[in-house]
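J.: Attaching a single structure in structure tokens format; questions to follow.
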Amino acid sequence: MNALLSIWTWVEVGLVALVGFFVQIFLLIFTFPFDKRRYAVGRCFRLVGVTAAKLTPYWRFGVHGNVPAQVAPNTVVVSNHESNADPFLISHLPWEMKWLGKKSLFRVPVVGWMMGIAGDIPVERGDRDSATGAMARCKQWLAKGMPVMIFPEGTRSKTEELLPFKDGAFRLAIEAQADVLPLAVSGTRLALPKHSWRFATSRGLVTVGTPISTKGMTLDDVETLKNQARAQIESLRASLKPLTGSGPVAPATDANTAR
């Protein structure tokens with residue numbers, strides 16, 4: 001039964017993506033001359049992800065706590081990474097940002113094309129030149145007033161433990177004198193597990209931390225900045241675990257738990 005429902009879900013996701021792709025192309029044609037930040041086509045892509053998640057019978061995704069309607073334009077957003085479902089969940093946040101993603105994802109038909117149109121940034125894992133170029137593109141987006149989204153673990157963790165954070169997002173933030181905004185996701189680990197095509201029932205939540213200013217920081221402060229962001233993410237994730245069924249059950253839930 002799980003296999004059949006998973007196949008049906010993949011079909012649903014594919015159809016939503018295909019329809020979204022044509023909508024995105026339409027928006028690109030009419031907004032390209034004046035929308036230099038690709039805001040419209042970017043939001044279209046994120047909302048396609050939200051729609052697919054809402055139509056997926058396995059998932060109940062939402063936002064926990066108070067979330068700002070927008071973030072400072074010069075912001076590097078960082079989050080822990082549990083599964084392939086994380087982008088679907090994080091896309092529930094109400095602002096646009098350009099995502100750093102594996103180059104292989106950009107070669108996936110329809111979805112990869114949509115990522116490119118949205119302005120997301122491909123990077124080849126383990127390729128120093130590719131990483132340098134990707135960081136340069138991130139700086140360009142920040143200079144245009146568009147936040148960027150990076151998973152500092154670099155890949156999905158196979159366990160409940162966070163993987164070591166790479167320096168790239170934090171070097172970028174300091175060099176651009178951008179704020180670092182930590183996010184935490186919880187409950188998606190089994191939603192679409194690493195190296196699996198089968199979906200699983202999941203209660204996923206994302207929550208937003210407090211921006212960390214890099215004003216006055218130098219590259220000597222990368223480790224300090226990285227530790228500050230990691231501490232926030234760990235604390236935020238711990239607050240979500242009882243609500244997503246991946247930790248001790250909380251005695252009560254906040255009225256803002258999910259939207």
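The values are calculated or read from the model by the stated rules, or taken from the named source; none is laboratory data. Source: prediction; values computed, not measured. Positions of Cβ are backbone-derived with ideal geometry, glycine not excepted, and every protein chain shown enters the neighbour counts. With ligands, DNA and RNA removed, areas are computed over all heavy atoms of the protein, side chains included. Shrake-Rupley method; radii C 1.70, N 1.55, O 1.52, S 1.80 Å.
J.: For segment 8-52, what does the alpha-carbon gyration tensor say about shape, rounded, prolate or oblate, given a ≥ b ≥ c as the root eigenvalues, a/c under 1.5 as rounded, and a/b over b/c as prolate?
T.: prolate
J.: Tell me the label-point distance for the pair Ser235, Arg171, using the 7 Å Cα-to-Cβ offset, in nm and rounded to one decimal.
T.: 2.8
J.: Which cross-chain or sequence-distant (5 or more) residues have an amide H under 5 Å from the amide H of Gly204, H modelled 1.01 Å from N in plane?
T.: For Gly204, the qualifying residues are Arg60, Phe61, Gly62.
J.: Quick one: if you take sqrt(5λ) for each eigenvalue of the C-alpha gyration tensor of segment 104-259, what semi-axes come out, biggest first, whole angstrom?
T.: 28, 22, 15
J.: Give me the percent of accessible area attributable to carbon and sulfur for segment 14-141, probe 1.4 angstrom.
T.: On segment 14-141, the fraction of accessible area on carbon and sulfur atoms equals 66 percent.
J.: Please give every one of the lysines within straight-line cross-link reach of Lys226, meaning a C-alpha to C-alpha distance under 30 Å, and leave out same-chain neighbours fewer than 8 residues apart.
T.: List returned: Lys98, Lys102, Lys103, Lys139, Lys144, Lys158, Lys166, Lys194, Lys215, Lys241.
J.: In terms of the Cα gyration tensor, with a ≥ b ≥ c the square roots of its eigenvalues, is segment 1-139 rounded because a/c is under 1.5, prolate because a/b exceeds b/c, or oblate?
T.: Judged from the Cα gyration tensor, segment 1-139 comes out rounded (a/c under 1.5).
J.: Along the Cα→Cβ direction, 7 angstrom out, place labels at Lys194 and Glu12. What is the inter-label distance in nm?
T.: 2.7
J.: Let me ask something additional. Assuming 0.36 nm per residue, please report the length gained on full extension of the stretch Lys102 to Lys215 beyond their Cα-Cα distance.
T.: Result: 37.7 nm gained on full extension.
J.: In percent, what relative contact order does the chain have, based on Cα pairs under 8 Å that are 6 or more apart in sequence?
T.: In percent, rounded to a whole number, it is 24.
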